[in-house]
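What follows is a set of notes on a single structure, which appears directly below.
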Amino acid sequence: MGNIILRPGWHIKESAATPHSFYKNRRSFIKSLGLGAIGLATTTNLACAGDRARTAEVNGTTQPRPQPNGPLDTIPANATRVGYPAARNGAFSVSERPESGRLVASSYNNFYEFDASTKRVWPLTADYDPFPWEIEVSGMVEAPQTFDLDALIRSMDLEERLYRFRCVEAWSMTIPWTGFPLAKLIERCNPLSSATFVKFTSVNRPQQMPGIRNQPWYDWPYYEALRIDEAMNEVAFVATGLYGEPLTKQNGAPLRLVLPWKYGYKGPKAVTKIEFFDRQPGTFWNDLQPGEYGFLSNVNPNIPHPRWSQATERFLLDENTQQRIETKLFNGYGEWVGNLYPNEPRDPSGPIIR
């Protein structure tokens with residue numbers, strides 16, 4: 001996912017500088033200031049002192065909520081553990097690079113609902129309580145329905161897949177995800193045959209997620225979308241865990257999408273709603289800055305970002321080790337997905353809007 005820079009010291013509240021009617025239209029406001037690009041510098045305040053006064057109900061009494069001691073201390077206590085650890089699916093391997101360390105994968109995260117900095121997310125997750133969790137299904141389906149996530153996970157045959165992960169910011173990892181094919185979830189949603197797109201919306205809990213409170217210029221909640229043929233591809237994955245355990249909060253608990261041939265921001269975290277359409281819906285970053293982030297957003301070294309090259313990436317092995325490597329077309333998954341994109345440039349080209 002992209003990053004936004006920290007606010008400069010002279011920044012004042014939008015409402016103090018702009019008519020209220022215009023301020024309420026956050027997307028227009030961002031574009032008017034030229035702040036829409038992921039990767040421009042802006043400040044995001046850490047939670048205020050009041051945010052740190054966290055409490056929880058324990059046995060009928062209010063007690064201080066325990067704060068995470070580290071990035072591996074954020075797995076929800078009541079996360080569903082049935083099916084863990086899952087057997088690895090050997091069809092999805094990464095032979096040319098080692099597996100990234102669990103600590104770096106759990107501490108270097110983009111999750112704007114908590115903070116815009118990749119290194120400040122996990123300490124801010126204490127208030128976030130993913131379980132119990134429901135997913136609403138609507139739009140062009142046989143009938144709207146709601147899934148209880150615990151029951152859904154228990155009904156699936158979980159497996160582990162080792163996937164390359166490529167961020168639009170040009171850093172990457174190799175991560176073992178636990179979950180199930182997205183196609184199995186789509187099938188249970190019973191979409192109509194006329195549905196050609198599916199949209200995923202993330203949770204919107206400003207009281208639990210300080211990034212939502214501190215970044216009101218974004219059009220929360222986060223939302224992403226795919227073509228149905230993309231969602232039904234065998235590589236598309238619903239992750240409920242990583243490294244043999246349920247997802248940490250900063251990695252998207254309780255479930256997220258993993259689409260390894262696309263840039264990371266195409267994999268929404270903490271999905272709470274699924275909708276089906278017969279026309280292309282908007283997506284968060286493409287709506288915000290269409291000149292920099294396309295709807296497809298496939299990993300392609302031949303298409304540079306308008307402000308940086310995508311030909312290479314910074315592979316993160318662990319907290320102290322990284323190396324510059326060449327980026328693969330479709331992140332190395334062309335065997336599975338290449339036929340979906342006959343117009344995707346196979347040779348170097350300039351930035352394009354897709």
What are the pairs with Cβ atoms under 6 angstrom where one residue, in segment 79-91, is at positive phi and small (Gly, Ala, Ser) and the other, located anywhere, is surrounded by 15 or more Cβ atoms within 10 Å (Cβ to Cβ) and part of a loop (DSSP other than H, G, I, E, B)? Sequence gap at least six, or different chains. Gly83/Leu158
Among the residues of segment 252-291, count how many are part of a strand (DSSP E or B), farther than 17 Å from Leu149 by Cα and among the charged types (D, E, K, R). 1
Within segment 114-131, the residues that are in contact with a strand residue (DSSP E or B) (Cβ under 7 Å, 6 or more places away or on another chain) and in a loop (DSSP other than H, G, I, E, B) are Val121
Any residue in segment 63-83 that is outside any loop (DSSP other than H, G, I, E, B), surrounded by fewer than 18 Cβ atoms within 10 Å (Cβ to Cβ), at pLDDT below 95 and more than 19 Å from the chain's Cα centre (by Cα)? yes
Is there any pair with a first residue in segment 207-232 that is small (Gly, Ala, Ser) and a second that is part of a loop (DSSP other than H, G, I, E, B) and surrounded by fewer than 21 Cβ atoms within 10 Å (Cβ to Cβ) whose Cβ atoms are under 7 Å apart and which are 6 or more apart or on different chains, and what are they? Gly211/Thr44; Ala225/Pro281
Which of the residues belonging to segment 149-177 are closer than 28 Å to Pro301 by Cα and among the polar types (S, T, N, Q)? Ser172, Thr174
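Listed here are the residues, each with its yes/no results for (1) among the hydrophobic types (A, V, I, L, M, F, W, C); (2) out of contact with any Ser or Thr (no Cβ under 9 Å at 6 or more places or on another chain); (3) in contact (Cβ under 8 Å) with a residue 12 or more places away in the chain.
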residue: Val137; (1), (2), (3): yes, no, yes
residue: Thr146; (1), (2), (3): no, yes, yes
residue: Met156; (1), (2), (3): yes, no, yes
residue: Phe165; (1), (2), (3): yes, no, yes
residue: Ser172; (1), (2), (3): no, no, yes
residue: Ile175; (1), (2), (3): yes, no, yes
residue: Lys184; (1), (2), (3): no, yes, yes
residue: Cys189; (1), (2), (3): yes, yes, yes
Could you grab me the full set of residues in segment 305-354 that are under 20 Å from Ser93 (Cα atoms), assigned to a helix (DSSP H, G or I) and touching a strand residue (DSSP E or B) at 6+ places or on another chain (Cβ under 9 Å)? Leu329, Phe330, Asn331, Gly332, Val337
Across segment 258-282, what is the total count of residues that are crowded, with 24+ Cβ neighbours inside 10 Å and basic (Lys, Arg)? 3
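Going through segment 194-233 one residue at a time, which ones are assigned to a loop (DSSP other than H, G, I, E, B) and touching a strand residue (DSSP E or B) at 6+ places or on another chain (Cβ under 6 Å)? Talk me through it step by step, then tell me what you get.
Filtering segment 194-233 down to residues assigned to a loop (DSSP other than H, G, I, E, B) leaves 194-196, 203-209, 215-222, 232-233.
Within segment 194-233, Ala195, Val203, Pro221, Tyr222 qualify.
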Inter-residue pairs, beta-carbon under 6 Å, first small (Gly, Ala, Ser) and in segment 290-307, second assigned to a loop (DSSP other than H, G, I, E, B) and buried (at least 18 other Cβ atoms within 10 Å of the Cβ), 6+ apart: Ser297/Tyr263
By residue number, the members of segment 84-137 that are among the basic types (Lys, Arg) and more than 16 Å from Asn214 (Cα to Cα) are Arg88, Arg97, Arg102, Lys119
Mind checking which residues of segment 237-251 are crowded, with 24+ Cβ neighbours inside 10 Å and part of a loop (DSSP other than H, G, I, E, B)? Leu247, Thr248
Residue that is surrounded by the fewest Cβ atoms within 10 Å (Cβ to Cβ) [pool: residues in segment 158-193 that are among the aliphatic types (A, V, I, L, M) and in a strand (DSSP E or B)]: Leu162
For segment 103-119, enumerate the residues that are of a type in the set (Phe, Trp, Tyr) and surrounded by fewer than 21 Cβ atoms within 10 Å (Cβ to Cβ). Tyr108
Could you grab me the full set of residues in segment 139-190 that are among the aromatic types (Phe, Trp, Tyr) and under 16 Å from the mean Cα position of the chain (by Cα)? Tyr163, Phe165, Trp171, Trp177
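The values are calculated or read from the model by the stated rules, or taken from the named source; none is laboratory data. Keep in mind the model is a prediction, meaning the values are calculated, not measured. Note: ideal-geometry Cβ built from the backbone for every residue, glycine included; neighbour counts use all protein chains shown.
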